Amino acid sequence: MGRNVTRRTVVSVDLGASPPTRRRPDELAAEEPLEIRVRKKPLAVTMRTPGHDIDLAMGFLLSEGVIGKADDVLTAQLCAGTDTPNTYNVVDVVLDPHVPPPVTDPSRNFYTTSSCGVCGKASIDAIRTRSKFEVAGDPLEIPARVLAELPETLRASQRTFDRTGGLHAAGLFTAAGDLLVLREDVGRHNAVDKVLGWALREGRLPLSGHVLMVSGRASFELTQKAWMAGLPLLAAVSAPSTLAVELADEAGMTLIGFLRGQRMNIYAGAQRVTF
C-alpha cells in the first residue's frame with residue numbers, strides 16, 4: 001500500500017443490521033506536511049496527500065508568481081528532512097540565478113492547510129497575484145455537451161477516491177473533452193497545484209485552449225491559480241464564491257459552477273460556451 005492511503009480498524013454502524021456494529025478495516029486518505037524550500041531556505045508548509053510532490057511544489061511556485069516557466073528552476077528534489085524514519089516530506093528547489101527570490105516577509109506567511117491554501121496570509125494584498133498571461137482574448141470555444149461530460153470523466157479516473165472517499169480531484173482537459181492529467185489530494189488547492197506543476201514541467205504553459213475541472217467549489221484561490229497558468233476556463237461541480245466570480249470577470253476567464261449532469265451555471269465568460 002502506498003503512502004497516499006493508510007489502513008485503520010473502525011467500528012462500522014448499521015442500525016438495520018443485527019448486531020448493529022462490527023469492526024472492520026477501512027482505508028483512509030493520507031495527510032502529511034510538505035515543506036517547500038527555495039535554495040535550502042524554508043518557504044512554505046502545506047498539508048497534502050503524498051505523491052507528485054515535485055509537481056505540487058512547482059505548481060505552488062507558479063501560482064504564487066515566483067516562477068513562470070520550467071527554465072526558471074534549475075533543480076527540484078525530494079529530500080529526507082529531519083524525521084526519523086525518513087518520510088521525504090521536503091522539496092528543495094534551486095531557482096535560476098535570474099529569478100528573484102520569493103519575498104518572505106510576515107505578510108506572506110506561506111503556511112497552508114489542506115482545506116485553505118491561503119490561511120495565514122496577513123492581508124488581502126498578500127493573496128492577490130497578477131498573472132503574466134492574458135486570457136481575456138483566448139479564442140477557446142467549447143460545446144456545452146462536452147462540458148457536461150467532464151464530471152463523469154473526472155470521477156471515473158479518481159482511483160484513490162474509490163478506496164477512501166476522502167480526496168479532492170483536479171483534471172486538465174482539452175477543448176474536445178480529453179483528460180490530459182488528473183491529480184488527487186486532501187486539499188483541492190494542492191490537487192490543482194499538482195496539475196499545474198505537471199503542465200509547467202511538460203512545457204505546456206500557458207494553457208491556452210484548455211479547461212480545468214475541479215471537484216467541489218470554485219474558490220478565489222483556485223480561480224487565481226487557473227489564471228496564473230493561462231487557463232481560460234475553470235469548471236467546478238459546486239458553487240463559486242463571490243471573489244472567484246469577480247476575479248474571473250477581471251481576468252476575462254470563463255467560470256462555471258454546479259456542473260452536474262446536463263445542468264450548469266455560467267458565472268463569467270459565457271461567450272466561450274456553445275450550444
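Of note:
- Looking only at the stretch 19-62, residues that are at pLDDT 95 or above and either in the same structural domain as residue 229 (by TED's automatic domain parsing) or among the small types (Gly, Ala, Ser) (or both) come to 2 in all.
Table: residues versus (1) at pLDDT 95 or above; (2) farther than 22 Å from residue 60 by Cα.
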{"residue": "185", "(1), (2)": "no, no"}
{"residue": "196", "(1), (2)": "yes, no"}
{"residue": "199", "(1), (2)": "yes, no"}
{"residue": "223", "(1), (2)": "yes, no"}
{"residue": "243", "(1), (2)": "no, no"}
{"residue": "253", "(1), (2)": "yes, no"}
{"residue": "267", "(1), (2)": "yes, yes"}
{"residue": "271", "(1), (2)": "yes, yes"}
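- Within the stretch 227-269, being in contact with a helix residue (DSSP H, G or I) (Cβ under 7 Å, 6 or more places away or on another chain), surrounded by fewer than 16 Cβ atoms within 10 Å (Cβ to Cβ) and assigned to a strand (DSSP E or B) holds for one residue alone: 260.
- Looking across the stretch 1-35 at every residue that is in a strand (DSSP E or B) and in contact (Cβ under 8 Å) with a residue 60 or more places away in the chain, the one that is surrounded by the most Cβ atoms within 10 Å (Cβ to Cβ) is identified as 29.
- Positions within the stretch 1-10 being modelled with pLDDT under 90 and over 30 Å from residue 194 (Cα atoms), in sequence order: 10
- Those residues of the stretch 97-117 which are under 15 Å from residue 40 (Cα atoms) and either modelled with pLDDT under 80 or of a type in the set (A, V, I, L, M) (or both), in sequence order: 103, 104
- Filter result (of a type in the set (A, V, I, L, M, F, W, C) and more than 18 Å from residue 101 (Cα to Cα)) within the stretch 48-68: 54, 56
- Boolean, residue 179 is touching a helix residue (DSSP H, G or I) at 6+ places or on another chain (Cβ under 8 Å), without any contact (Cβ under 8 Å) to a residue 60 or more places away in the chain, closer than 27 Å to residue 51 by Cα and surrounded by fewer than 18 Cβ atoms within 10 Å (Cβ to Cβ): yes
- Tabulated pairs, the stretch 182-195, first on the phi > 0 side of the Ramachandran plot and free of Cβ contacts under 8 Å to residues at least 24 places away in the same chain, second of a type in the set (Val, Ile, Thr) and buried (at least 24 other Cβ atoms within 10 Å of the Cβ), C-beta under 7 angstrom, 6+ apart or interchain: none
- Hey, residue 209 touching an Asp or Glu at 6+ places or on another chain (Cβ under 9 Å), assigned to a loop (DSSP other than H, G, I, E, B) and under 19 Å from residue 66 (Cβ atoms) or not: no
- The residues of the stretch 70-96 that are at pLDDT 95 or above and either aromatic (Phe, Trp, Tyr) or part of a loop (DSSP other than H, G, I, E, B) (or both) amount to a single one, 96.
The values are calculated or read from the model by the stated rules, or taken from the named source; none is laboratory data. Here the structure is a predicted model, which is why all the values come from computation and not from measurement. Neighbour counts are summed over all protein chains in view; Cβ atoms, including those assigned to glycine, are modelled from backbone coordinates with ideal geometry.
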